[in-house]
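Down below is the structure, laid out as structure tokens.
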Amino acid sequence: MLQKLPVLLGIFVVMALSNAVVPVLPDFAEGAALQGVVYSAYFLGAFLTVLPGGIASDRIGSVPLIRTGLLLTLASGVLILLFPSGLPLLVFRVVEGIGAGLFLSAALAWANSHPSSGQLSGYVMAALNLGLVVGLLATGWLDAVLDSHLAGIALFTVLAVPAAVMGFAVRESERVGFAKADFAGVVRNYFWLFAAAVVLVGMTGAVAAVYPGYTGNNPSVLALQLATINIATIVAVLVAPRINFRPVPTIRAAAILMAAAVLASYGTPYAFPVIGALSGVIIVATLAFLAETRIEQGVMTGLFNTASYAGFTFLSAVAGLVAGKAGFLAAFILMAGMAAAVAVPIGRCRCEYRG
């Protein structure tokens, strides 16, 4: 547990800080388009570093990247507090994403290389989503109580201090029996698996990016509504490892259900838990399958994280732009259509494994 606690606390703090802007996005920028940019700037930084972070985890180990990611998270939190608007805000959101990308790929490679990888990766993803939930709820509550949209960021920046210190207690997982990754072969054989992650995992971020501007609700209400996505994901990632999944039929079914749930979320936030649960099932099924390949997990989880953050980055930005230009209904229809479209090519995935 001494080895697991710093990683789980770290992923909790990193995700909580990243989500601390969501319920107060209108205080950081005006209009759906600019709010989408502020939201997605973090995911751009993460998108740029999750794959290099995964590859580096296989080469130099996960621990140095875990520590670096935590230190960058702490620094970005301080800088956002000092420069909470304009171009500096966007720059430091990107820096925050860079730290998160390095940490997440290293943490997942560390967990997925562990003998009990399925259970440990489930714990990592549960801590990740718990951080997202607490980031939403605490920020919404603190904004209502203190009348400050920076209060949530301040709280999780403070919590990043012990997380960064505890990061120095982590030791490497023993990696035995993992084959060296053929990067081109992995991309070729698993392309449609990763393509599905772009849309289906990134969909939760796209919905969260446009919903605050769509409803105009106060931050505390928005925090509660959006938190149901991550609460449902937490439940799913803790339950799903006990079920034997295969990626193609699971992703195909989830894609159709996700499309319906996203479209329904235009009319009711009660669709959010369905979106979150489907995302959790996809995440667990994919990570378990990647662990079964017995290929170096830095590359495998790095590609999965790259796909996920690509979805968070570009789906969020596109959804915000469409909402600003053509209206929110058009944005929700676009997102639902993309989710449904994933069901078509996933059958071509050559997801071979050596489990």
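Quick look at the values:
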{"item": "Sequence-separation-based contact order of the chain, relative, with Cα cut under 8 Å and 6+ spacing, percent", "result": "29 percent"}
{"item": "Selected from Pro84, Ile295, Gly311, residue furthest toward positive end of dipole (the chain; charges at beta carbon)", "result": "Ile295"}
{"item": "Potential lengthening between Ala260 and Ser148 on full extension [0.36 nm per residue; Cα-Cα distance subtracted]", "result": "36.7 nm"}
{"item": "About the Cα centre, charge dipole magnitude for the chain (Lys/Arg +1, Asp/Glu -1 at Cβ), debye", "result": "880 debye"}
{"item": "Amide proton proximity set for Ile295, modelled H, under 5 Å, gap of 5+", "result": "Ala179"}
{"item": "Potential extension, Phe168-Ala330 segment - 0.36 nm per residue separation minus Cα distance", "result": "53.6 nm"}
{"item": "Under Karplus coefficients 6.51, -1.76 and 1.60, residue-wise ³J(HN,Hα) of region 226-242 in Hz, glycine/proline x", "result": "6, 5, 5, 4, 6, 4, 5, 5, 4, 4, 5, 6, 8, 8, 4, x, 7"}
{"item": "Range in the chain, longest, excluding exposed GluC sites (Glu not before Pro) [loop by DSSP; at most 11 other beta-carbon atoms within 10 Å]", "result": "175-351"}
{"item": "Where Rh is the Kirkwood radius over Cα pairs, Rg/Rh for region 183-354", "result": "0.98"}
{"item": "Potential extension, Thr268-Glu30 segment - 0.36 nm per residue separation minus Cα distance", "result": "83.3 nm"}
{"item": "Segments 340-346, 17-23 sorted - mean Cβ within 10 Å per residue, highest first", "result": "17-23, 340-346"}
{"item": "Radius of gyration and maximum dimension Dmax of the chain, Cα, Å", "result": "18.6, 55"}
{"item": "Rounded, prolate or oblate (a/c below 1.5 giving rounded, otherwise prolate when a/b exceeds b/c) for region 1-178 by Cα gyration tensor", "result": "prolate"}
{"item": "Accessible area (Å², per residue) of the chain, counting only protein heavy atoms and a probe of 1.4 Å", "result": "37 Å²"}
{"item": "The chain - percent of accessible surface contributed by carbon and sulfur, probe 1.4 Å", "result": "71 percent"}
{"item": "Accessible heavy-atom area order of Tyr42, Tyr123, highest first, probe of 1.4 Å", "result": "Tyr123, Tyr42"}
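The values are calculated or read from the model by the stated rules, or taken from the named source; none is laboratory data. If you're wondering where the values come from, they're calculated on a predicted model, not measured in any experiment. Positions of Cβ are backbone-derived with ideal geometry, glycine not excepted, and every protein chain shown enters the neighbour counts. In case anyone asks, the SASA skips ligands and DNA or RNA and just uses the protein heavy atoms, side chains included. Shrake-Rupley method; radii C 1.70, N 1.55, O 1.52, S 1.80 Å.
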